[in-house]
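What follows is a short report on a single structure.
Any read-out appearing in this document is the output of simple, stated calculations on the displayed coordinates, not a laboratory observation. Because the structure is a prediction, the values reported are computed rather than measured. So basically every Cβ, Gly included, is an ideal-geometry build from the backbone, and we count neighbours across all protein chains shown.
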Amino acid sequence: MSTKDQPELERPSFDELGQRGQSRYRALVKAASKLFTEQGYENTTLSDLVNAAGGSRTSLYQYFGDKSGLLHAVLEEHTNEFLSKFHDVRPDRNSEPREALIRVGMRFLENLNEPSTLALVRFLITENALPEDITDTFFRQGPDVLSRRVSEYLSELAKGGKLEIRDPDNAAVIFKNIIVGDLFIRQLIGVDGKQTQAELQKRVESGVDVFLNGCQVRG
C-alpha cells in the first residue's frame with residue numbers, strides 16, 4: 001500500500017503518546033536523521049526507516065503522517081537541541097556587551113563545529129528531492145530564532161546608549177556573518193577539520209571586537 005493509500009490518521013501530540021510511544025517516536029526520528037544524511041531523502045524508504053527503528057509503518061503514519069512529516073520532525077529535533085544550548089548564554093541588559101557577545105558567538109560556533117550539524121546542512125544543500133518548505137522551516141526554527149534573540153539584545157543596548165545601532169535585525173545578521181566568516185563553508189567542503197576551543201575563542205574574540213568597533217557610540 002502506498003503512502004497516498006494510507007487512511008488519514010489523527011496524529012497525537014508527543015505528550016499524548018505515553019512512555020512506549022515516545023520511545024518509538026524518538027527511535028524513528030533518530031533512525032531518520034541517520035539514514036537521511038547517509039543515504040539521502042529520496043533513497044531512504046519507509047521500510048528502511050522501520051527496519052532501523054523497529055516498530056511498524058502504522059506507528060510511522062500515526063506519529064508523522066508520512067516521510068515528509070518525519071523529516072520535519074528531524075529538523076525540529078535538531079533545531080530544538082541547537083537552541084537549547086543557548087539558554088544559559090542569553091545576553092541580559094546587565095552584561096558587558098563584549099563579554100555577552102563572546103559567549104553567544106562561542107556557543108554558536110561550537111554548535112556549527114559539531115559533525116551532526118555539518119551533516120544536516122550538507123544534506124539540506126545537496127538533496128534535490130526535499131519537500132518545498134523544508135529549508136524555510138529549518139531557518140525559521142533555528143538560525144532565525146537565534147538572530148532574533150541577538151537582535152533583541154542589540155536593540156536594548158542601543159536604547160540604553162551603549163551602542164549605536166540603527167537596524168538591530170540587520171546588525172544581528174552582520175554579527176553572525178563576522179563570527180562565522182568562511183569557517184563553516186570550509187568545514188562543509190572538507191577543507192578544514194573540527195576546530196579546537198582555542199581556535200574558536202580567537203576567532204570569536206576578534207570578530208566581536210570588529211563588530212563592536214563598528215557600533216561604538218561616537219560623539
If exposed means no more than 11 neighbouring beta carbons inside 10 Å and the site is in a DSSP loop, what's the longest run of the chain without any exposed GluC sites (Glu not before Pro)? 11-131
Glu96/Ile174 FRET efficiency (R0 22 Å; Cβ-Cβ; nearest 0.05): 0.65
Calculated Cα Rg over 2.2 N^0.38 Å (choose from (i) 1.20; (ii) 1.06; (iii) 1.12), label: (i)
Would any residue of region 154-181 have its amide N under 12 Å from a label point 7 Å out along Cα→Cβ of Ser206? List them or say none. 179-181
Helix-derived [θ] at 222 nm for the chain: sum -39500 (n - 2.57) over DSSP H runs of at least 4, divide by residue count, nearest 500? -21000 deg cm²/dmol
Computed for region 85-214: size of charge dipole around the Cα centre, +1 on C-beta of each Lys and Arg, -1 on C-beta of each Asp and Glu, debye to nearest 20, value 280
Could you give the length gained by full extension between Asn213 and Ser116, i.e. 0.36 nm per residue of separation minus their alpha carbon distance, to one decimal place? 31.5 nm
Semi-axis lengths (Å, descending) of the ellipsoid that matches the C-alpha gyration tensor of region 85-214: 27, 18, 12
Within the under-11-Å Cβ sphere about Gln39, not counting Gln39, Lys/Arg +1 and Asp/Glu -1 give a net charge of -3
The size of the Cβ-based charge dipole (Lys, Arg +1; Asp, Glu -1) of region 3-73 about the Cα centre, to the nearest 20 debye, is 240
Please compute the modelled spin-label separation between Leu188 and Ser84, points set 7 Å along Cα→Cβ, answer in nm with one decimal. 2.6
Using the Cα centre of the chain as the reference point, and only Cβ charges (+1 on K/R, -1 on D/E), how large is the resulting charge dipole? Debye, rounded to the nearest 20. 480
Fully extended, how many nm does the chain gain between Thr137 and Gln197 (0.36 nm per residue separation, minus their Cα-Cα distance)? 18.6 nm
Potential lengthening between Thr126 and Ser23 on full extension [0.36 nm per residue; Cα-Cα distance subtracted]: 34.0 nm
Take the alpha-carbon centre of region 43-117, take the same for region 142-194, and report the distance between them in whole Å. 19
